[in-house]
Amino acid sequence: MEKSALIVNKGIEQPGVTDNNSIQRFLQKKRSIMPVNFYLEGILEGNRTILSQAITLVESTSIQHQAVAQEIIEKCLPFSGNSMRIGITGVPGVGKSTFIESMGMYITTLGHKLAVLAIDPSSERSKGSILGDKTRMEDLTRNANAFIRPSPSTGSLGGVARKTRESMILCEAAGFDVIFIETVGVGQSETTVHSMVDFFLLLMLAGAGDELQGIKRGIMEMADSIVITKADGQNIDKARMAMMEYKNALHLFPRTESGWIPEVTTSSSLGNIGIENVWKITQKYFNFIKETNFIDRKRNEQSKYWMYETINNRLHQDFYDNPKRKLLIKEMEELVLNGKISSFQAAHKLFE
């Protein structure tokens, strides 16, 4: 018999077959809801696993999960409110994730505990989300003093914003004294995130066209500081020029409600250049609004705003979730499509 050139190595021993009952018991245990005090004690101890489980309940659409989540939030409220809440926004490609990692690694060396709540854009078709922030922040993910939680926007920005605000309360109760909220960087998200943070940081690129025309004035007016990113290599001169243009432009805007004059600076996340200065500006801002008690007034206004937002969301949900109304909506829709009734008449009938 001729020898074969093919050598077959002995394979590893295969694991035994797991029966369906074992799988079901595992899944049931994974889905089970623990008592509220279990989550509260874990959060107050700074247990990240339990904190993550509690945030999952907050993000869930299940009525049972929401009931438990609201109890957890209520019990965590007395232990919240002691953090610096910082919103970070910028157009896609500006380097938000790289900047957050650089900034996060720096402030954790100062003894701070950082939580990053990132709203990840979802597909309008599949409603799926890649939740890629953890893969883009490898060093920060491994940092013992940092916690990163990406949340899918699932097409409903108002809903995810409310859940992000509630998650922020849980993170504060867990001992995180700096909270970063990263926006998707498009449309209405900036306004929504601005309504839940103390300090709003706008990241901009230099050399990407006319800088002053490249962003809405409304977003610039919300910014407490503007950072020109990627200020390294051949881009340094462009970044400095953009910084001067933004400084001049900000002088034309009305005075901010807090009385703070927004500052503009440059940074390079890859070289960790300018990161320390950005943090100094942030600290300077917080000292300023604490001295003037503006931080308390701002947070009170935000709490009132979110009360009304929650009422509006609940009214919207109750209106569409009513079984009888669902059938009537379908009838009205058919009448509108067939030209038998106007859209305004249909809406009026539904409200009646």
Region 265-283 and region 289-307 have their Cα centres apart by a whole-number Å value of 27 Å
Highest mean packing first, using Cβ neighbours within 10 angstrom, the peptides 265-278, 323-336 sort as 265-278, 323-336
Packing-ranked peptide list from 190-201, 339-350, highest mean Cβ count within 10 angstrom first, is 190-201, 339-350
Sorting TYR285, TYR106, TYR305 on the 10 Å Cβ count, fewest up front, what's the list?
TYR305, TYR106, TYR285
For the pair PHE319 and MET241, the simple spin-label estimate (label points 7 Å beyond Cα toward Cβ) gives in nm 5.0 nm
Pull out a ≥ b ≥ c, the square roots of the eigenvalues of the alpha-carbon gyration tensor of region 33-77, then state rounded if a/c is under 1.5, prolate if not and a/b is larger than b/c, and oblate in the remaining case.
prolate
Which of THR183, THR310 has the fewest other C-beta atoms within 10 Å, and how do the rest follow up to the most?
THR310, THR183
Could you sort 249-262, 218-231, 60-73 so that the peptide with the highest average Cβ count within 10 Å comes first and the rest follow in order?
218-231, 60-73, 249-262
Charges only on Cβ, +1 for Lys and Arg, -1 for Asp and Glu: so what's the dipole of region 306-351 about the Cα centre, in debye to the nearest 20?
160 debye
Estimated distance in nm for a label pair at ILE63 and ALA249, the labels positioned 7 Å out from Cα along Cα-to-Cβ
4.9 nm
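Read-outs throughout are calculated quantities, based only on the coordinates presented, and are distinct from any laboratory measurement. Computed from a prediction, not measured in an experiment: that's the story for all the values here. Every residue, glycine among them, receives a Cβ derived from its backbone with ideal geometry; neighbour counts consider all protein chains shown.
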